[in-house]
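Participant: Pasting in a structure now, in structure tokens, and then I'll have a few things to ask.
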Amino acid sequence: MGRILNNKLEKGKWMFNEIIKKTNWNGSDLELSTGKIARQADGAVILKMGDAAILSTVVSAKQVKEGADFFPLTVNYQERAYAAGKIPGGFFKREGRGSEKEILVSRLIDRPIRPLFHPGFLNETQVLCTVHSYDPKHNLDILSIIGASAALAVSGIPYLDIVAASRVGYIDGQYVLNPSLEELGNSKLDLVVAGTKDSVMMVESEASLLTEEQMLEAVKFGHQGFQPVIELIEDLKKAVDKAPWETKELFPQVLKDQIRNLTKEAIKEAFTLQIKQERYTLISDIRSAMIEKFTADEEYSAAQVIFAFKEVESEILRADALKNRVRIDGRKPDEIRPIECETSLFPSTHGSALFTRGETQGLVITTLGTGQDEQIIDALEGEYKEYFLLNYLFPPYCVGDASPLRAPSRREVGHGKLAWRALKRALPSRTEFPYTIRVVSEITESNGSSSMATVCGGSMSMMDAGVPMIAPISGIAMGLIKEGDNFIVLSDIIADEDHLGDMDFKVAGSKDGITALQMDIKVRGITFEIMEKALEQAKAGRIHILGKMATAITTNNLVSQNAPMIESFKVGKDKIREIIGPGGKIIREICETTGAKIDITDEGLVSISAIGRDKLDAAISRVKAIAVDPEIGDIFEGTVVKILEAGAFVNYSGNRDGFVHISEISHERVESVTGSLKEGQKVKVKLIGFDRGKAKLTIKNAEGSQPEKPKKEVQLNEKAVIPKNVTPAPASKGEKREVAKKWKNKPVSEDENITERKYFN
């Protein structure tokens, strides 16, 4: 259903020609409107669903830049703080550089729409999706893909098909369409699927070790789920009825034929070279020769030659693979490159791994921290903390470049997030392993599938650091070459197969199930038959890689001696204030004297961390002395805080005070308290009872019950003699120790709702 609204201006002139289309999608009204806001854009659509509202615009340059040899498409997703009724943080109180989430959603929008522009369209194009109103019940990333597709559909820009998207959850054995943020917390699956009416264009997901069959059914469920949205966009496009832009061919066919005749054999020879840099150098020389030849008389532009040469190069690679089932480097379609694995490379790090697959190599380092190392993230949905951090780095040297170092690119952010998704679902619970985990993957060589090398190396590195993962995780990138109904799926693709092929389908998981999927294609969609074949072939490759990784993985769950030791236990909520003390005095004093760090939640979960068992035990003892009510007969180390004629007050357990009567100071008669005790003096006391709620202490019986042992003499000679009571020196660098999962204290339930942390150093 839809309507056209005409808003009158003065004197009978028409201001707006607003077109509105609505449909009910999964129980909620989805509205698309155009013609009222951002009318100077080539296409502009306001999307509303529930309380969510997004403005999507598209603008293309009217002329192609001279010499353009690629399609300059820019996609940006922007969140405005006012959309959630918030004022931005920071000094300037305005939105600045895009957040990681904004970058990731921008990529999510870009990936399904980019292949659908006319191949001859090279006009600079910008797509903007801006969130103006936030609703936690509806997925902003999904709605942004839909909004961008609708804006393109009404723009007249040469865009070949209509795209829609949906999110799929898996809760209690049932697939759920577009689950809310709250529902996703209980879901074993978070999958985004985008596509056209007949084909899938993009998949992005994380999962809790679901099978290939379950993942494929989820994609089918999501694809079927967004069909009403495609119909809605089609209705909007028909109502707008904007004239399409004219397009031109990238190059004349005769140019392509000439280049093919001149370079076919040379390109085939280049493809026989196994080393990437040698192959790239020869291909580059051939391309440069063609540019020089065909631009000499100015009949063709350099861009035309480049596009025609790329077509020839692609045809040669694809024809050989489809006809002979042989790839550039001589491998069979399902063959994996040689793999080498190594762990524990650096003694001072908590965990390290080197994963090498062919000419792709990832050096991955794991560092373990405490709750105070968690990343605080401020988003529209509110502030939250993340305990698992993964950074993917792609330095120029990994591909033989000498370009300047810059801030992480969108590609680096996206690849890092994919690896994060793949590994996150295989991590132990926070109660089992209460560490903050940071994984840094530095790609030291690259020839395809570096994100999956990060997954493999990340799994090995974390297990080397002592992280008790649910299962080792490996990853593999699958490719596709498709001509008509004939296709071939390629395992473990290299850069050329990614660049010149039709699909980049990354699959990560254990031998039992999948933890992450990411699929991007360069054609107008693929069938479920192809996806099923790719998943089946990926499983075999994934298991093969896991077998190679197993040769270097340790599973003894030993934590590096360099990592902090952590223990957690629950205390009563009424004890939190006593542990902290007035103005944080008590807990600050414990941290300063023991060298430990203490983290307390509002639910009473206490996490204590320290480098060294002695520091940890000292802090635990101090906290438990406060948190656990003392019993009659318990003995404590106390401090005299006030002296009276009748006795003295002694602080004996954190912030607890008790009274020692003059008769309880010594077995001998004490004439004056001041003659026996001084304020600030450390004494051993024993709890002997209570008087109207006040503790009664004794010094004489405390000393008597545990008399001091005589000090042992240490004999000195030419060789040093270490007394038995001296703490041994710390273990050497890189030595591992048992994980704190053997804690004496009962772990807190995973169902605890931890809302806030109080940190102390």
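The values are calculated or read from the model by the stated rules, or taken from the named source; none is laboratory data. Since the model is a prediction, treat every value here as computed from it, not as a measurement. Note: ideal-geometry Cβ built from the backbone for every residue, glycine included; neighbour counts use all protein chains shown.
Participant: For the range 626-646, does any single residue satisfy the condition of being in contact (Cβ under 8 Å) with a residue 12 or more places away in the chain, assigned to a helix (DSSP H, G or I) and closer than 23 Å to LEU368 by Cβ?
Facilitator: Within the range 626-646, none of the residues are in contact (Cβ under 8 Å) with a residue 12 or more places away in the chain, assigned to a helix (DSSP H, G or I) and closer than 23 Å to LEU368 by Cβ.
Participant: Right, next: Let me spell it out: the conditions are (1) farther than 18 Å from ARG622 by Cβ; (2) among the small types (Gly, Ala, Ser); (3) out of contact with any helix residue (DSSP H, G or I) (no Cβ under 7 Å at 6 or more places or on another chain); (4) free of Cβ contacts under 8 Å to residues at least 40 places away in the same chain, and GLY658 meets all of them except one. Which number is the exception?
Facilitator: (1)
Participant: Another question about this same structure. Being in contact (Cβ under 8 Å) with a residue 40 or more places away in the chain and not aromatic (Phe, Trp, Tyr) is the filter here, so list the residues in the range 253-271 that pass it.
Facilitator: LEU255, LYS256, ILE259, ARG260, THR263, LYS264, ILE267, LYS268
Participant: Here's another thing I want to ask about it. Taking strands (runs of 3 or more DSSP E) that fall entirely within the range 437-520, which contain at least 2 residues that are among the charged types (D, E, K, R)?
Facilitator: 474-483, 503-509
Participant: Hey, could you check the range 92-151 for residues that are farther than 24 Å from ASP235 by Cβ and either of a type in the set (A, V, I, L, M, F, W, C) or outside the structural domain of LEU47 (by TED's automatic domain parsing) (or both) and say which is surrounded by the fewest Cβ atoms within 10 Å (Cβ to Cβ)?
Facilitator: PHE92
Participant: Just to verify a result, which residue in the range 550-598, among those that are β-branched (Val, Ile, Thr), in contact with a helix residue (DSSP H, G or I) (Cβ under 9 Å, 6 or more places away or on another chain) and assigned to a loop (DSSP other than H, G, I, E, B), is surrounded by the fewest Cβ atoms within 10 Å (Cβ to Cβ)?
Facilitator: Filtering first and then ranking leaves THR555.
Participant: Would you confirm, using the coordinates I've provided, whether THR674 is part of a loop (DSSP other than H, G, I, E, B), modelled with pLDDT under 90 and touching a helix residue (DSSP H, G or I) at 6+ places or on another chain (Cβ under 7 Å)?
Facilitator: no
Participant: Let me ask something else. Here is a list: ASP512, ASP464. Which entry is out of contact with any helix residue (DSSP H, G or I) (no Cβ under 9 Å at 6 or more places or on another chain), surrounded by 24 or more Cβ atoms within 10 Å (Cβ to Cβ) and not aliphatic (A, V, I, L, M)?
Facilitator: The match here is ASP464.
Participant: Right, something else. For GLY416, are the conditions met, namely being of a type outside the set (D, E, K, R), at pLDDT below 95 and either surrounded by 21 or more Cβ atoms within 10 Å (Cβ to Cβ) or over 17 Å from THR366 (Cβ atoms) (or both)?
Facilitator: So GLY416 does not fit the description; no.
Participant: Tell me whether the range 342-363 contains one or more residues that are of a type in the set (Ser, Thr, Tyr) and more than 30 Å from SER429 (Cα to Cα).
Facilitator: Yes, because at least one residue in the range 342-363 is of a type in the set (Ser, Thr, Tyr) and more than 30 Å from SER429 (Cα to Cα).
Participant: Within the range 152-186, track down each residue that is without any contact (Cβ under 8 Å) to a residue 24 or more places away in the chain and buried (at least 17 other Cβ atoms within 10 Å of the Cβ).
Facilitator: Result: GLY169, VAL176, PRO179.
Participant: Look at the range 626-641 and say how many of its residues are surrounded by fewer than 18 Cβ atoms within 10 Å (Cβ to Cβ) and closer than 17 Å to LYS585 by Cβ.
Facilitator: 2
Participant: Only one of ALA53, ALA44 is of a type in the set (Gly, Ala, Ser), under 29 Å from LEU418 (Cα atoms), buried (at least 19 other Cβ atoms within 10 Å of the Cβ) and not assigned by TED's automatic domain parsing to the domain that holds VAL413. Can you tell me which?
Facilitator: Matching residue, one of ALA53, ALA44: ALA53.
Participant: When you go through (1) basic (Lys, Arg); (2) at pLDDT 95 or above; (3) more than 16 Å from the chain's Cα centre (by Cα) one by one for ARG430, which number turns out not to apply?
Facilitator: Unmet condition: (2).
Participant: Tell me yes or no: at least one residue of the range 185-203 is of a type in the set (Val, Ile, Thr), farther than 21 Å from PHE505 by Cα and touching a Gly at 6+ places or on another chain (Cβ under 9 Å).
Facilitator: The answer is no, given that none of the residues of the range 185-203 is of a type in the set (Val, Ile, Thr), farther than 21 Å from PHE505 by Cα and touching a Gly at 6+ places or on another chain (Cβ under 9 Å).
Participant: I would also like to ask the following. Could you tell me which residue of the range 92-142 is modelled with the highest pLDDT, considering only residues that are hydrophobic (A, V, I, L, M, F, W, C) and over 28 Å from ALA419 (Cβ atoms)?
Facilitator: In this case the residue turns out to be LEU128.
Participant: Any residue in the range 283-305 that is within 16 Å of ASN261 (Cα to Cα) and in contact (Cβ under 8 Å) with a residue 60 or more places away in the chain?
Facilitator: No, that holds for no residue.
Participant: Return the only residue of PRO119, PRO88, PRO115 being out of contact with any strand residue (DSSP E or B) (no Cβ under 8 Å at 6 or more places or on another chain) and either within 30 Å of GLU183 (Cβ to Cβ) or part of a helix (DSSP H, G or I) (or both).
Facilitator: So the residue among PRO119, PRO88, PRO115 that is out of contact with any strand residue (DSSP E or B) (no Cβ under 8 Å at 6 or more places or on another chain) and either within 30 Å of GLU183 (Cβ to Cβ) or part of a helix (DSSP H, G or I) (or both) is PRO88.
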